[in-house]
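*Asks:* Below is one structure. I have some questions about it.
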Amino acid sequence: MQTGNINVQTENIFPIIKKFLYSDHEIFLRELVSNAVDATQKRITLGKLGEVNAVEGNTSIEVIRDETNKTLTIRDRGIGMTEDEVNKYINQIAFSGATEFLDKYKGEEAKTAIIGHFGLGFYSAFMVAKHVDIITWSQREGSEPVKWSCDGSPEYTIDKVEKDERGTDIVLHIADDSEEFLTDERIQGILNKYCKFMPVEIIHGTQTEMVDDPTGEKDEEGNVKKTEKVSPRIVNEASPLWSKAPADLKDEDYQKFYRDLYPMNFEDPLFHIHLNVDFPFNLTGILYFPQLKKEMELRRDKIHLYSNQVFITDNVENIVPDFLTLLHGVIDSPDIPLNVSRSYLQEDANVKKISGHISKKVSDKLNAMFKKDRETFASQWDDLRIFVEYGMLTDEKFMDRAKKFMLFKDTDGTCHTHEELIALVGETQKDKNGKVILPYTADAKAQHSFVSAAKERGYQVLVMEGPLAAHMVQKLEEAYPDVQFKRVDSDVADNLIESDEAAESTLDEKQEEALKPVIEGAFPGDAYKVKFTAMSPTAAPLTITRSEFMRRMKEQQAVGGGGGFQMFGAMPDNYDVTVNSNHPIVQKILTEKNEEVKQKLAKRAGDLARLSQGLLEGEELTAFIAEGYGELS
Ligand code: ADP
Ligand code: MG
């Protein structure tokens, strides 16, 4: 027997490991199983190169729980370690065996198959174990099995031992405060989370199923009798879908995989993108486009990030552009540095390239779908829209590409491209400055009177809904400088599109001047500004609107990132009251001689205008309704 001190800089590294990783103790299993995977893959590679015997038979990794002896063993049939190697790779912590292996076999297929940039590695075992044994027998000819043993102090022992099979057993003597890691449920849960797609078969415990009795014996009804069959429980799918060639896969395969990834999500995805890049960086994966209609649930299912089939995280913020986190699925890249802080990730050149690449793939796919089957694309637009808009708002390059398939939906449900829209309304909706005005509604029901007034004038009314609408119209105006959006309730229909010709008014300037204070008196405070417009006598007598500019600023402020207008502070609510000077009621108010009646008429008209906009509230509303009933009785 030999004893020695583990080569660490600090007096005792284990308290640090324990403290540092406190919240994530379960990670030890990911580390140990991925070491076992590495060792197995090394053996396969070296077997092919003829440096060790070629692999025959079983290479599974086993996770063995022994609740009586309170041990957890991770067993592999991998490359194993000689005594020298244990000294080198285990005792000299600072040294990473994987790095050396990679240096030596540069360019071999092994390169992509080695997991090991996690920074924690083998010693994370001491987060849950009070004592760890490594019993290992190298595949190299002439080697003998050895046992390394350590109780968490920098002192270890190394000794000769008996072993049946070449490979490595890592035996954890579980600490008293970590006995949860001896239960089937906990271990199966961790394996499921981190090891579900690791590339070597992993077995944990057994499973029992009912199968036809092998004797073929039948029961009274003539059916073959059933009998229990116990078999090893396989944890993982060693060649997950994303590692396969897209040409070999069917739509059903992708849908099934989606259900495997998100068992709690019952809605099928709209479509998927299979990523497969090997230059200038390695990236595979499958991204699913979910049905996004329920905007608030967007983040329920997250993208899973893997490195060589080892689950890393489902928090991909800062790794992929924000709008892409609306997608679901899997990204696997050995090129994303995983053991560094998130703020560093943002600046990492590889991460930026990967983000840019995914963003491009997604826009290419959308464009291809649009070109191939416009009708289906349009029918899915409500789901796609949120995503495309978010992408356009946050990613300049995506915006440029999205112009090809960005659709504008009108209140009749028809979708138009920018080009089609201009062809359709370019002449009728052009204002005196040459801009094509696009009236839109954020809520066709609430803004019904405005929508129908605009449509009556022959305008196409677009639907721009959702919390991003205010930002979106701004962005679209940048993207398409020939158009300008105006919400239908930002002005009376007659004034939405400014022209040089003014309709004839029945009121002269003097009459307007006389009427103005009467109408103003019908509205509270000074939030309402009165102006006159000559419109058709059938249009409403008074209309309350809110200027496009003011409303947009306010909405943008509310959503955040107010487009640089925060300096206004909280903006007051301001409304325009447009008096239709050609309406008979307006004439009536003007000509009424009795001052009291005159004011009452104006007040009634004002109240109705406010009521229609949901602006009549509280005491005023109660009084208004009481008065109405009073007139009925
Ligand atoms: P890393 O995996 O990043 O190299 P670890 O601390 O996880 O760091 O492991 C250190 C080294 O110990 C490995 O590089 C490998 O050489 C060796 N090792 C660990 N586990 C095994 C195993 N199951 N079989 C063979 N070698 C192993
Ligand atoms: Mg490791």
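The values are calculated or read from the model by the stated rules, or taken from the named source; none is laboratory data. Just so we're clear, the structure is a prediction, and the values are computed from it rather than from any experiment. Counting neighbours? That spans all protein chains shown, and the Cβs are built from the backbone with ideal geometry, glycine included. Heavy atoms of the whole protein, side chains included, go into the accessibility calculation; ligands, DNA and RNA do not. Shrake-Rupley method; radii C 1.70, N 1.55, O 1.52, S 1.80 Å.
*Asks:* In deg cm²/dmol, rounded to 500, what helix-only [θ] at 222 nm does the chain give when every DSSP H run of at least 4 residues adds -39500 (n - 2.57) and the total is split over its residues?
*Replies:* After summing the helix terms and dividing by the residues of the chain, the value is -10500 deg cm²/dmol.
*Asks:* Using the eigenvalues of the Cα gyration tensor, what equivalent ellipsoid semi-axes result for the chain when each is taken as the square root of five times the eigenvalue, whole Å, largest first?
*Replies:* After scaling each eigenvalue by five and taking roots: 71, 26, 25 Å.
*Asks:* Can you pull the accessible area of residue 615 for me, 1.4 Å probe, Å² to the nearest 10?
*Replies:* The accessible area of residue 615 comes to roughly 40 Å².
*Asks:* How much length is gained on full extension from residue 558 to residue 210, taking 0.36 nm per residue of separation minus their Cα-Cα distance?
*Replies:* That pair, residue 558 and residue 210, stretches by 119.3 nm at full extension.
*Asks:* Could you check the spin-label model distance between residue 67 and residue 538? Points 7 Å from the Cα along Cα→Cβ, value in nm.
*Replies:* Result: 8.2 nm between the two label points.
*Asks:* How far apart, in nm, are the 7 Å Cα→Cβ label points at residue 547 and residue 520?
*Replies:* Distance between label points: 1.7 nm.
*Asks:* Compute from the Cα atoms of segment 350-390 the Rg and the Dmax, the latter being the longest Cα-Cα distance, and quote both in angstrom.
*Replies:* Both quantities, over Cα of segment 350-390: 11.9, 37 Å.
*Asks:* Would you work out the relative contact order for the chain, in percent, from Cα pairs under 8 angstrom that are 6 or more residues apart?
*Replies:* Reported relative contact order: 8 percent.
*Asks:* Which of rounded, prolate or oblate describes segment 587-633 when judged by the alpha-carbon gyration tensor and an a/c cut-off of 1.5?
*Replies:* oblate
*Asks:* Further question on the same structure: Can you tell me how segment 172-254 classifies by the Cα gyration tensor, rounded, prolate or oblate, using a/c under 1.5 as the rounded cut?
*Replies:* Verdict is oblate for segment 172-254.
*Asks:* I've got another one for you. Assigning unit charges at the beta carbon (Lys, Arg +1; Asp, Glu -1) and nothing else, what dipole magnitude in debye, to the nearest 20, does the chain show about its Cα centre?
*Replies:* Dipole magnitude for the chain comes out near 1160 debye.
*Asks:* May I ask you to give the percent of accessible area on segment 138-249 that is carbon plus sulfur, with a probe radius of 1.4 Å?
*Replies:* Here carbon and sulfur together make up 43 percent of the probe-accessible area.
*Asks:* How much of the accessible area of segment 389-476, probe 1.4 Å, is carbon plus sulfur, in whole percent?
*Replies:* 48 percent
*Asks:* Taking all protein chains together and a probe of 1.4 Å, list 546, 487 from the most accessible to the least accessible.
*Replies:* 546, 487
*Asks:* What's the FRET efficiency of residue 264 with residue 508 using the Cβ-Cβ distance as r and R₀ = 56 Å, to the nearest 0.05?
*Replies:* Between residue 264 and residue 508 the formula returns 0.20.
*Asks:* State in Å² the accessible area per residue of segment 339-433; use a 1.4 Å probe, count heavy atoms of protein chains only, and round to the nearest integer.
*Replies:* Computed with neighbouring chains in place, this is 51 Å² per residue.
*Asks:* If you take every DSSP beta bridge fully contained in the chain, what fraction is antiparallel? Give it as a percent rounded to 5.
*Replies:* Percent antiparallel among DSSP bridges in the chain is about 75.
*Asks:* Then there is this: Under 1.5 on a/c is rounded, so check that first for segment 145-298, then, if it is not, pick prolate when a/b is larger than b/c and oblate when it is not; a ≥ b ≥ c are the square roots of the alpha carbon gyration tensor eigenvalues.
*Replies:* The shape class here is oblate.
*Asks:* Averaged per residue, what accessible area in Å² does segment 126-168 show with a 1.4 Å probe, protein chains only?
*Replies:* Per residue, segment 126-168 has an accessible area of 46 Å².
*Asks:* Distance between Cα centroids, segment 229-258 to segment 439-464: provide it in whole Å.
*Replies:* Computed from Cα coordinates, the inter-centre distance equals 49 Å.
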